[in-house]
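The values are calculated or read from the model by the stated rules, or taken from the named source; none is laboratory data. Because the structure is predicted, anything quoted here is derived from the model rather than measured. Glycine also receives a Cβ, built like all others from the backbone with ideal geometry; neighbour counts cover every protein chain displayed.
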Amino acid sequence: MKNLLTRTLYLFVVLALVFCFGSCVNEQSKEAVVKNKTVKEKIKKPEILKRIKERGKLIATTDYNSINYFVYRGTPMGYQYEMLKHFAKHLGVKLELMVNSDIDSSFKCLDREKCDLIALGLTVTNERMKYVDFTSPHTQTRQMLIQRKPENWRKMKTWDEVEEKLIRNPIELGGKTIHIQKNTSFLPRLRSLSEEIGDSIIVIEDPEKEVEQLIKDVAEGKIEFTIADEHIALVNEKYYSNIDINTSISFPQNVAWAVKNGADSLRVAVNKWLVEYKNSIDSRFVYNKYFKNPRLVRITNSQYHSISGGKISRFDDLIKEVSQEYNLDWRLIASLIYQESGFQEKARSWVGAFGLMQLMPNTAQMYGVDSASSLKDQVRAGVRFIKWLDTQLPEEIEKEERIKFILASYNVGIAHVFDAQRLAEKNNKNPYIWTDNVDYYLLNKSKPKFYRDAVVKYGYCRGEEPYNFVNEILERFEHYKNVIEN
């Protein structure tokens, strides 16, 4: 009996110790979790507007079409693009544009913080407010039915005869099939309209085609109906005289940009800017340029429009052929040529540089060409010079940075770039990184403090020109990559 009592007491003590130890460990774990959570809460990301300014770049997404964003004769253009450029300038940052025509993907882009802003001309709806925050509206629109006029409409005696063949009352859409772009606000509106008229409307969401492509399908008789926002319908009416856009299926709706839920600092910044912008000459000029411009049809139908013709310039084939010989992206060389000569083969500078690639006489002589040489030989000489510059740069410069050093050297001479590298190294910056390192010293090489430094061997340089030369060529190159195939 005594032994049983002893064993029972021993077991009780052991269990008590285990429980006590477990409780202590558990409490320590809880305390660690609380501390860890507190640390994480303290290390919050800066507000989005501050992050944008710190990185020096606004990342926005828009869609590629004949209104919002395209390239014409080598120049990036578009209604949303130009508004974004004005806003980025207002913030004092650069603009990086991502092309994304799928609205759902754009929402994911915001949610995953791959971009800061959606500039797709989104209509503001309650459903979309669940996923994004909208800025103040920049325009208003209505949803319009796009239908084809009768085949012989031009021969009809009166417009009333034409009207009789067209749908003017949405009730008449009962039983009709309407093709629309996927993930747009057109779907819920058509569902509501179906309820309102008490009849079914067959809606087909096209995952491949955008609104403008569907409008073209209506004009060509491939489909019977589609829906478009009024401002887009008005522009496309100029291209296709046989479509009718005058039947509205919605009340006026606000059109706005979108930011991530909770990105209040950016949303407020956009709203404040919009107040000033909407009352500016710039705003009226940009709007009229894309919605009231009588030249718009000719521009859109040009072979040098990235959508209809897909060409940058009349020298595309030549540039492609020479670039391929030297394993270079032809769109980069095209961007350089645009910067140097604006695709003017007879261009000549005050210092004697000539041709598409603005070769200096001494450089041209190295490769056996002059202003009388064929355009192909001139472009080939420029490309060979680029490849030579590449061989002169230190191997430590990585590929992504390397092109920046090459472009700067092409513009101002490699000797000044070497000076900027030496200045960077002396001032504890990385001599093999261009952005925010070597570019700073080349930019400032026009100041005595820099060009008189003991490490500088080639003296004064007007550094602003090569600095902008590099940035503008690479920015344009990104636009060409967005919309032009390699």
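Restricting attention to region 240-262 and to residues that are of a type in the set (F, W, Y) and outside any strand (DSSP E or B), the residue that is surrounded by the fewest Cβ atoms within 10 Å (Cβ to Cβ) turns out to be F251.
Looking at the structure I just gave you, is K278 assigned by TED's automatic domain parsing to the domain that holds T75, buried (at least 16 other Cβ atoms within 10 Å of the Cβ), under 24 Å from R128 (Cβ atoms) and of a type in the set (D, E, K, R)? No; evaluated as a whole, the condition is false for this residue. Scanning region 351-392 for residues that are in a helix (DSSP H, G or I) and without any contact (Cβ under 8 Å) to a residue 12 or more places away in the chain yields P361, N362, Q365, D377, W388, T391. Of everything in region 297-343 that is touching an Asp or Glu at 6+ places or on another chain (Cβ under 8 Å) and assigned to a helix (DSSP H, G or I), the residue that is surrounded by the most Cβ atoms within 10 Å (Cβ to Cβ) is A334.
Among the residues of region 152-164, is any at pLDDT below 95, more than 23 Å from the chain's Cα centre (by Cα) and under 24 Å from P252 (Cβ atoms)? Yes, some residue in region 152-164 is at pLDDT below 95, more than 23 Å from the chain's Cα centre (by Cα) and under 24 Å from P252 (Cβ atoms). Criterion first (free of Cβ contacts under 8 Å to residues at least 40 places away in the same chain and surrounded by fewer than 18 Cβ atoms within 10 Å (Cβ to Cβ)) does K209 satisfy it? Criteria not met by K209. The lone criterion from (1) closer than 28 Å to V211 by Cβ; (2) outside the structural domain of S66 (by TED's automatic domain parsing); (3) surrounded by fewer than 17 Cβ atoms within 10 Å (Cβ to Cβ) left unmet by S371 is number (1). Please note which strands (runs of 3 or more DSSP E) are completely contained in region 59-102 and include at least 3 residues that are under 12 Å from the mean Cα position of the chain (by Cα). Strands (runs of 3 or more DSSP E) meeting the threshold: 94-99. Only helices (runs of 4 or more DSSP H) whose full extent lies in region 413-486 are considered here, and the ones with at least 1 residues that are farther than 30 Å from L97 by Cβ are 414-426, 448-451. Condition check for I307 on (1) under 17 Å from H479 (Cα atoms); (2) out of contact with any Ser or Thr (no Cβ under 7 Å at 6 or more places or on another chain): one failure, at (2).
Checked against the criterion of being surrounded by 10 or more Cβ atoms within 10 Å (Cβ to Cβ), under 21 Å from A269 (Cα atoms) and without any contact (Cβ under 8 Å) to a residue 60 or more places away in the chain, the candidates M129, M156 yield just one match: M129. Looking at this structure, is S409 small (G, A, S) and surrounded by 15 or more Cβ atoms within 10 Å (Cβ to Cβ)? The answer is yes for S409. S265 meets each of the listed conditions (1) modelled with pLDDT of 95 or more; (2) buried (at least 20 other Cβ atoms within 10 Å of the Cβ) apart from (2). For I397, the conditions (1) buried (at least 20 other Cβ atoms within 10 Å of the Cβ); (2) assigned to a helix (DSSP H, G or I); (3) not aromatic (F, W, Y) all hold with the exception of (2).
Applying the criterion of at least 3 residues that are out of contact with any Asp or Glu (no Cβ under 7 Å at 6 or more places or on another chain) and not assigned by TED's automatic domain parsing to the domain that holds E230 to the strands (runs of 3 or more DSSP E) found wholly in region 124-164 leaves 132-134.
Considering only residues that are more than 18 Å from V412 (Cβ to Cβ) and either loosely packed, with under 14 Cβ neighbours inside 10 Å or under 32 Å from the mean Cα position of the chain (by Cα) (or both), which ones fall in region 344-368? Result: Q344, E345, K346, A347, R348, G355, L356, Q365, G368. Right, Y287: of a type outside the set (A, V, I, L, M), closer than 17 Å to Q80 by Cβ, in contact with a helix residue (DSSP H, G or I) (Cβ under 6 Å, 6 or more places away or on another chain) and surrounded by 14 or more Cβ atoms within 10 Å (Cβ to Cβ) or not? So Y287 fails the test. In region 168-188, of all residues being touching a strand residue (DSSP E or B) at 6+ places or on another chain (Cβ under 6 Å) and in contact (Cβ under 8 Å) with a residue 60 or more places away in the chain, the one that is farthest from N126 (Cα to Cα) corresponds to R168.
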